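Novice: Pasting a structure here, questions to come.
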Amino acid sequence: MPTPMKLLRKLEIGQMQETKDACLMGGAENPGRAVAPSRILGILGMHRSGTSCLTGSLQNAGLFLGEHHTWNKHNLRGNRENQKIVDLHDAILAANGGSWDVPPAQARWRDEHFARARELLSSYSAHALFGFKDPRALLVLEGWKTLCPSIEFVGIFRHPNAVAASLDKRAPKPWEACMELWFVYNSILYREHRKRPFPIIDFDVDEDQLDANIERVVSALGLQGEKTEEKFYTSELKHNSGSGRRLPWKIRRLYKKLQKISLD
């Protein structure tokens, strides 16, 4: 498996290559060309795992997000989510009998879902690089890979207990249910990395290391936004730690696997 440093180099090479044919007009049964951004970046991670921090930091460095939320009662800096993408993901999950907290066994995209995604991407076609973040993307990822075979990814993860505590503050949820959700989302993250490696960041490292890892991703992506003195993320935004109950074996094992493949 490529080392994290080799992954960054691979990303640097990939961002210099032309990818105008990255997206298809239809689903697997009706392929064709679409008017879309030359490059599309999906920021992947479980809910309450630092995805907003990573996305906001990439945006500060020049990543175009389209329309997005800049304030949220659970995240004062905004979750940086594009509501049209969130609504699309919710519709796909509902069509498959699930939701963000009741993941379906499979999330098949219908023609109408591909059409909505194509329309959204077309509206951002003037931008060379478009990025989006929504934790639900992990549950519906196969459709995005069908529509955009050259889609790029960056991932982030967080200690299961910290995620559970944060989820419980947003809406009370049993610890066991939080553990299962963490496992489902992060199993997909790990599996996708195994299929086609991409940079993954550990949100639990100290602030200096986190800043350095984000800067490495910014450089690898070729982002060239204006340098600002103010960072998107500060440690004051992180309110929960990994302390608490002993993790189930399968959760501990997956967490260690993610740590092993993350940037260091």
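The values are calculated or read from the model by the stated rules, or taken from the named source; none is laboratory data. For clarity, every value in this text was computed on a predicted model and none was experimentally measured. Ideal geometry is used to build each Cβ from the backbone, glycine not excepted, and the neighbour counts take in all protein chains shown. Only protein heavy atoms, including side chains, enter the accessible area calculation; ligands, DNA and RNA are left aside. Shrake-Rupley method; radii C 1.70, N 1.55, O 1.52, S 1.80 Å.
Novice: Select from segment 184-213 the residues that are surrounded by fewer than 21 Cβ atoms within 10 Å (Cβ to Cβ) and within 18 Å of Val140 (Cβ to Cβ) and list them in ascending order.
Specialist: Within segment 184-213, Val184, Ser187, Ile188, Tyr190, Arg191, Glu192, Lys195, Arg196 meet the criteria.
Novice: Test of understanding: among Arg110, Arg158, which residue is basic (Lys, Arg) and over 26 Å from Arg245 (Cα atoms)?
Specialist: Answer to the selection: Arg110.
Novice: Can you tell me which condition Leu121 does not meet? The list is (1) more than 21 Å from Asn60 (Cβ to Cβ); (2) open to solvent by 10 Å² or more (accessible area, probe 1.4 Å); (3) in contact with a Phe, Trp or Tyr (Cβ under 9 Å, 6 or more places away or on another chain), and all the others hold.
Specialist: Condition not satisfied by Leu121: (2).
Novice: OK, next. With at pLDDT 95 or above, of a type outside the set (A, V, I, L, M) and within 28 Å of Asn60 (Cβ to Cβ) as the only criterion, which of Phe203, Phe183 stands out?
Specialist: Within the list Phe203, Phe183, the selection yields Phe203.
Novice: Restricting to segment 229-264, what's the tally of residues that are outside any helix (DSSP H, G or I) and modelled with pLDDT of 65 or more?
Specialist: 9
Novice: Further question on the same structure: Which residues, taken from segment 94-117, are among the hydrophobic types (A, V, I, L, M, F, W, C) and crowded, with 20+ Cβ neighbours inside 10 Å?
Specialist: Ala107, Trp109, Phe114, Ala117
Novice: Additional query: Out of the residues in segment 131-143 meeting the condition of being more than 13 Å from Trp100 (Cα to Cα) and of a type outside the set (A, V, I, L, M, F, W, C), tell me which one is surrounded by the most Cβ atoms within 10 Å (Cβ to Cβ).
Specialist: Lys133
Novice: Taking the stated definitions as given, is Val163 under 17 Å from the mean Cα position of the chain (by Cα), modelled with pLDDT of 95 or more and more than 30 Å from Gly222 (Cα to Cα)?
Specialist: Judged against the criteria, Val163 is a match.
Novice: Restricting to segment 144-160, and then to whatever is open to solvent by less than 10 Å² (accessible area, probe 1.4 Å) and in a helix (DSSP H, G or I), can you tell me which residue is farthest from Leu129 (Cα to Cα)?
Specialist: The qualifying residue farthest from Leu129 (Cα to Cα) is Pro160.
Every residue, every condition in (1) at pLDDT below 95; (2) surrounded by 24 or more Cβ atoms within 10 Å (Cβ to Cβ); (3) among the β-branched types (Val, Ile, Thr); (4) over 13 Å from Ile201 (Cα atoms), yes or no:
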position	(1), (2), (3), (4)
Met25	yes, no, no, yes
Ala28	yes, no, no, yes
Pro31	yes, no, no, yes
Val35	yes, no, yes, yes
Arg39	no, no, no, yes
Met46	no, yes, no, no
